Each structure stands twice: as structure tokens, then as C-alpha cells.
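Here the structure comes first, spelled out in C-alpha cells, and everything after it is commentary.
The values are calculated or read from the model by the stated rules, or taken from the named source; none is laboratory data. Bear in mind the structure is a predicted one, so any value in this text is a computation, not a measurement. Cβ placement follows ideal geometry from the backbone for every residue including glycine, while neighbour counts extend to all protein chains displayed. We work out accessible area using only protein heavy atoms, side chains counted, and drop any ligands, DNA or RNA first. Shrake-Rupley method; radii C 1.70, N 1.55, O 1.52, S 1.80 Å.
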Amino acid sequence: MPNNVVVLGTQWGDEGKGKIADLLTVNADIVVRSQGGNNAGHTLVVGDKKVVVRLVPSGILHSSSLCLIGSGVVVSPEALFGEIAELKASGITDAESRIKISAASSLLLPIHVAIDKASELKRGKNAIGTTGRGIGPCYEDKIARRGLRVGDLYDMEVFKEKLQALLDYRNFTLKHYFGAEEVSFDSILEGIMQVRERLLAMVADVSAILADARKSGKKILFEGAQGTFLDIDYGTYPYVTSSNTVAGGCCTGSGAGPRHIEYVLGICKAYTTRVGGGPFPTELNDELGEHIRKVGAEFGAVTGRPRRVGWYDAVAMRRAVDINSLSGLALMKIDVLDDLDELKICTAYRLEDGSESLLPPLAAYEYSKVTPIYETMPGWKSSTVGITKFEDLPQNAQAYIRRLEQLAGVPVAIISTGPEREQTIMVQNPMA
Ligand code: GDP
Ligand code: IMO
Ligand code: MG
């Protein structure tokens with residue numbers, strides 16, 4: 001059985017990664033986040049309790065698991081400690097001692113939030129629809145080599161110097177390009193000083209912990225954030241997030257070597273959703289879309305925004321299977337489709353010259369030239385909520401799942417029939 005398993009989104013995020021990561025953590029010693037930040041919103045439902053984690057790995061509900069935040073993550077101290085307080089309020093009192101953060105992870109500061117918001121305003125109708133959490137600007141600073149890292153907090157003289165240089169640059173842009181309010185050095189420094197000691201107590205060498213864990217045969221779960229089509233390289237650019245959300249990102253963002261990943265589980269909904277702007281070929285802008293949004297409670301876990309809803313897209317999935325080297329799929333929210341008379345699956349895109357494409361384009365503007373080609377399957381019109389055995393599913397639901405499996409070319413390992421842990425068909429547990 002694999003020891004090192006990746007769980008990642010294969011669509012535009014919110015596929016149900018949190019539920020599956022939490023579920024698989026029963027068999028994991030360590031859960032790692034490698035990219036993204038508090039733009040993620042992973043919902044965990046246990047009994048009548050609902051917990052949403054953003055920056056903290058979903059393994060936090062399991063008291064024996066160690067939760068790691070790798071170098072590829074952008075860490076907002078304010079968001080982190082806010083989340084730890086929320087966890088405490090819901091009865092998880094030892095979160096702070098079980099979270100370890102890489103010294104090389106980037107510090108996300110209020111200046112990044114200010115730039116994110118100002119930049120979205122400036123874009124006007126072409127706004128990306130970001131979560132407004134400062135994610136993009138923080139990654140910009142990292143790549144431009146002017147960013148601050150968690151490890152910079154060890155030497156406050158160096159930290160202050162770097163912060164001043166960052167603010168000189170960023171505030172100039174804020175004021176003179178965006179026409180927005182500057183963010184003061186003192187306010188940032190004060191915020192940092194309030195949490196510095198606590199944050200430093202959480203710093204650890206994440207890649208070394210992973211190497212030791214691997215050598216001693218421990219089980220490691222890599223928890224992706226966002227989804228394949230929000231990837232900075234392979235997503236619907238520029239309507240993407242600013243990190244590598246694909247499987248490769250979990251190596252660069254945690255320090256685990258590629259040869260050590262043994263299983264990649266792709267999480268996908270039995271339909272598709274997307275939050276924010278950008279192309280979405282199978283989108284349903286009608287009553288049916290409204291119905292699925294309502295039944296599936298498709299409202300953002302971070303921003304509360306209504307999610308756009310559409311049919312399952314097997315064209316996009318083909319690319320997701322290849323670039324993530326998926327081993328298996330977790331097919332989520334099958335229960336949301338229970339009432340439908342019929343279901344459509346997009347199997348190819350029609351191009352302007354009449355030809356068909358089996359793979360999606362690589363840039364947003366090219367999507368205006370594609371029209372989805374659908375095949376139709378009958379609905380099952382009965383409840384699948386909470387079903388735990390494949391053979392108990394209605395015949396038409398079984399046929400729908402088998403067809404999606406056939407189109408993806410990888411086995412469906414998990415089928416989810418409700419938000420709770422128990423509402424799951426475990427065809428083959430990737431981690432047990
Ligand atoms: P993530 O960001 O990928 O972790 O996904 P989110 O938590 O943002 O969104 C998934 C939503 O679907 C959450 O509210 C989950 O509780 C819910 N969910 C997960 N699996 C199922 C399922 O099989 N059926 C239903 N009805 N809801 C589910
Ligand atoms: P989880 O992990 C869905 C989207 C935003 C926007 C784009 C860029 O819960 O699946 P950003 O703030 O990252 O610069 O926004 O990416 N986005 C998500 N959509 N789920 C997420 O995370 C997302 N994180 C970012 O809506 O379109
Ligand atoms: Mg989410």
C-alpha cells in the first residue's frame with residue numbers, strides 16, 4: 001500500500017479535497033500543505049460539527065497527526081492565528097503544537113492584501129475575481145526575490161530592513177499607480193511583533209521531517225489546494241491562482257522528492273463548479289444551474305460567493321489525468337444530481353473550423369472559440385445520500401460513474417454521497 005499519497009483538485013477548486021484529506025488522515029501520520037494560502041477553504045464535517053480550514057492542513061482534526069506547512073505556502077500570520085483560535089473554539093486545543101511551518105515559506109502581509117484589492121479594482125470588468133487575500137502579490141514578491149519569509153523573523157534587524165525595502169516599492173505602486181492608501185511600516189511591524197514568538201516556535205525543517213518520516217515508513221498525505229485549472233501554468237490563464245496546484249507543486253512546495261510520491265488521488269465533483277471570473281465551457285446559466293447550486297450548497301467556503309455551476313467536463317479531466325499522473329479518482333457529490341431527469345457529459349470541444357478537440361486550450365482567450373459537445377445519460381431519480389456500497393447505487397448512477405471512469409481512463413477509488421465521513425463508498429482506499 002502506498003505511503004505517500006497526494007490529494008488534489010482536478011477542476012477549479014472546491015471539489016471536496018478537505019473531506020477526503022480528513023477521511024484519509026485516519027491512516028496518515030503527517031499531512032502537508034505545499035502551495036496556496038488562506039485562499040483555500042476546505043470543509044470538514046464530523047457529525048453535526050462543521051470546520052472550515054484555510055491555511056491549516058485538514059489532518060488537524062486527528063489528534064495523532066502532524067500538520068506541516070511547506071515552503072511553497074504563503075503564510076498570513078493573522079489568518080493562521082485566527083484559524084488556530086477558531087479551531088480552539090471548536091474543541092481542537094492542541095492545533096498550535098501540531099503545526100510545523102517551513103522557515104522558507106513566504107510571509108503574507110497586509111501590504112499584499114492591499115495590492116490584491118487595488119489591483120482587482122483597477123482591472124474593472126476584467127477582474128480575476130480573486131479571494132482578496134493577497135495571494136497573488138505575495139507570490140509576486142517571492143518570485144521577484146524581495147519577499148519576506150517566515151525564517152526572516154529570527155533576526156529582526158534584517159527583517160526590518162527587508163520590510164522597509166518591500167514597502168518602499170509596494171507603497172509607491174499603491175499610491176502612484178493604483179491611487180490607493182499606503183500601508184504603514186509601523187502597523188505591519190506591530191502586527192508581526194504580536195505573534196513573532198508564537199510563529200517562531202512553530203518553525204521546523206519541513207523537508208527534513210518528510211525525509212525522516214519516509215525513511216521510517218510513516219504515511220504522508222499531501223493536501224492540495226485550489227485545482228488543476230487554477231494552476232498558474234496549466235490553468236485558464238490569467239484567470240488562475242498564483243501557485244502550481246498540479247501534482248508537481250507538492251514536491252517543490254514541500255521538499256519531498258518526485259520519486260517518493262506513490263499515489264495521486266484526483267478529487268472531482270460529479271459536475272463542475274468555479275468561483276471567480278474566467279472561462280467555463282460547460283457552465284449552466286439557467287434554472288438547472290440554479291437547482292444544482294441550491295442542492296449542492298455551492299457557495300464559497302472563504303468568501304461566501306455563489307459558485308458557478310456546470311456539467312462534468314471530461315475534456316478538462318483528460319488533461320488533469322495526464323499532468324497530475326493521476327492514479328485514481330474520488331468522485332464527489334454524486335447525491336447532488338439525484339433529482340435530475342438526465343445528465344450531460346462534455347466529451348469533446350468543437351472548434352471554430354468544425355473540428356473536434358479532446359484537450360482543453362492553455363489560455364483563457366482561446367476558450368471563446370470552443371463549444372462543448374455533450375453526450376446524454378438518463379438520471380436515476382432516487383436518493384443516493386449516504387450510500388456506502390457501489391452495488392447499492394441505482395443502476396443509472398452506476399452507469400454514469402462507470403462512463404466517467406472510462407472517459408478519464410483511471411479507476412474511481414472513492415465515491416462521495418454526502419458531506420460526512422461515513423457518507424462514502426470506499427472502492428479502494430489509497431492509504432489503508
Ligand atoms: P475543497 O475546497 O476542495 O475542500 O471543497 P470545499 O469544502 O470548498 O467544498 C466542498 C463542499 O461540498 C463542502 O461544503 C463539503 O462539505 C461538501 N461535500 C463534500 N462531499 C460531498 C458530497 O459527497 N455530497 C454533498 N452533498 N456535499 C459534499
Ligand atoms: P480550495 O482549496 C476555488 C480562485 C479565486 C479566483 C482565482 C484567483 O478551497 O479549492 P486568488 O485569491 O487565489 O488569487 O484567486 O482562484 N480560487 C479558488 N477557487 N477554490 C479555492 O480553493 C480557490 N482559491 C482560489 O476564486 O478565481
Ligand atoms: Mg474550497
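Results, tabulated for the structure shown:
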{"item": "First in the stretch 132-158 and in contact (Cβ under 8 Å) with a residue 12 or more places away in the chain and farther than 21 Å from Glu190 by Cβ, second anywhere and of a type in the set (Lys, Arg) and surrounded by fewer than 21 Cβ atoms within 10 Å (Cβ to Cβ), Cβ under 7 Å, 6 or more apart", "result": "Gly132/Lys117"}
{"item": "Unique residue being away from ligand 1 (no atom under 11 Å from the Cβ) and in contact with a Lys or Arg (Cβ under 9 Å, 6 or more places away or on another chain) when the list is Val26, Val31", "result": "Val26"}
{"item": "Condition met for Glu157 (over 18 Å from Val113 (Cα atoms), in a helix (DSSP H, G or I) and more than 30 Å from the chain's Cα centre (by Cα))", "result": "yes"}
{"item": "Which numbered condition Trp311 fails, given (1) within 16 Å of ligand 1 (Cβ to nearest atom); (2) touching a Phe, Trp or Tyr at 6+ places or on another chain (Cβ under 7 Å)", "result": "(1)"}
{"item": "Conditions (1) under 28 Å from Ala247 (Cβ atoms); (2) open to solvent by 20 Å² or more (accessible area, probe 1.4 Å); (3) of a type outside the set (S, T, N, Q); (4) touching a helix residue (DSSP H, G or I) at 6+ places or on another chain (Cβ under 8 Å); number of the one not met by Glu352", "result": "(1)"}
{"item": "Residue pairs meeting the criteria (Cβ under 7 Å; at least 6 apart or on separate chains; first modelled with pLDDT under 95, in the stretch 295-314; second more than 14 Å from ligand 1 (Cβ to nearest atom) and open to solvent by 20 Å² or more (accessible area, probe 1.4 Å))", "result": "none"}
{"item": "Members of the stretch 390-432 that are touching a residue at least 60 places away in the same chain (Cβ under 8 Å) and part of a helix (DSSP H, G or I)", "result": "Ala397, Tyr400, Ile401, Leu404, Glu405, Leu407, Ala408"}
{"item": "Whichever residue in the stretch 206-231 is of a type outside the set (Asp, Glu) and within 10 Å of ligand 2 (Cβ to nearest atom) and, among such residues, is surrounded by the most Cβ atoms within 10 Å (Cβ to Cβ)", "result": "Gly224"}
{"item": "Meets criteria (under 14 Å from the mean Cα position of the chain (by Cα) and either open to solvent by less than 40 Å² (accessible area, probe 1.4 Å) or more than 25 Å from Gly124 (Cβ to Cβ) (or both)) for Leu284", "result": "no"}
{"item": "The lone exception for Gly296 - which of (1) surrounded by fewer than 23 Cβ atoms within 10 Å (Cβ to Cβ); (2) away from ligand 3 (no atom under 15 Å from the Cβ) it fails", "result": "(2)"}
{"item": "Residue that is nearest to Lys160 (Cα to Cα), among those in the stretch 182-202 that are outside any helix (DSSP H, G or I) and open to solvent by 30 Å² or more (accessible area, probe 1.4 Å)", "result": "Ser184"}
{"item": "Scope the stretch 83-92; condition assigned to a helix (DSSP H, G or I) and either within 14 Å of ligand 3 (Cβ to nearest atom) or crowded, with 17+ Cβ neighbours inside 10 Å (or both); matching residues", "result": "Glu83, Ile84, Leu87"}
{"item": "Residue in the stretch 62-82 that is touching a Ser or Thr at 6+ places or on another chain (Cβ under 7 Å), among the small types (Gly, Ala, Ser), touching a residue at least 24 places away in the same chain (Cβ under 8 Å) and not in a loop (DSSP other than H, G, I, E, B) present", "result": "no"}
{"item": "Contacts under 6 angstrom Cβ, first residue in the stretch 264-285 being within 16 Å of Asp231 (Cβ to Cβ) and within 12 Å of ligand 1 (Cβ to nearest atom), partner in a loop (DSSP other than H, G, I, E, B) and of a type in the set (A, V, I, L, M), 6 or more apart", "result": "Gly266/Leu326"}
{"item": "Residue within the stretch 242-249 that is open to solvent by 40 Å² or more (accessible area, probe 1.4 Å) and within 12 Å of ligand 2 (Cβ to nearest atom) present", "result": "yes"}
{"item": "Lone qualifier among Gly91, Gly124, Gly134 - being on the phi > 0 side of the Ramachandran plot, in contact with a Leu (Cβ under 8 Å, 6 or more places away or on another chain) and more than 16 Å from ligand 1 (Cβ to nearest atom)", "result": "Gly134"}
{"item": "Selection count where residues are touching a Phe, Trp or Tyr at 6+ places or on another chain (Cβ under 7 Å) and either part of a loop (DSSP other than H, G, I, E, B) or among the acidic types (Asp, Glu) (or both), scope the stretch 203-232", "result": "1"}
{"item": "The lone exception for Pro372 - which of (1) open to solvent by less than 70 Å² (accessible area, probe 1.4 Å); (2) assigned to a helix (DSSP H, G or I) it fails", "result": "(2)"}
{"item": "Qualifying strands (runs of 3 or more DSSP E) (wholly inside the stretch 1-60; at least 2 residues being near ligand 2 (Cβ under 10 Å from one of its atoms) and open to solvent by less than 10 Å² (accessible area, probe 1.4 Å))", "result": "4-9"}
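Okay, residues lined up against (1) under 12 Å from the mean Cα position of the chain (by Cα); (2) among the hydroxyl-bearing types (Ser, Thr, Tyr); (3) within 20 Å of Arg98 (Cα to Cα):
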site: Met1; (1), (2), (3): no, no, no
site: Asp14; (1), (2), (3): yes, no, no
site: Lys17; (1), (2), (3): yes, no, no
site: Ala21; (1), (2), (3): yes, no, yes
site: Ile30; (1), (2), (3): no, no, yes
site: Arg33; (1), (2), (3): yes, no, yes
site: Thr43; (1), (2), (3): yes, yes, yes
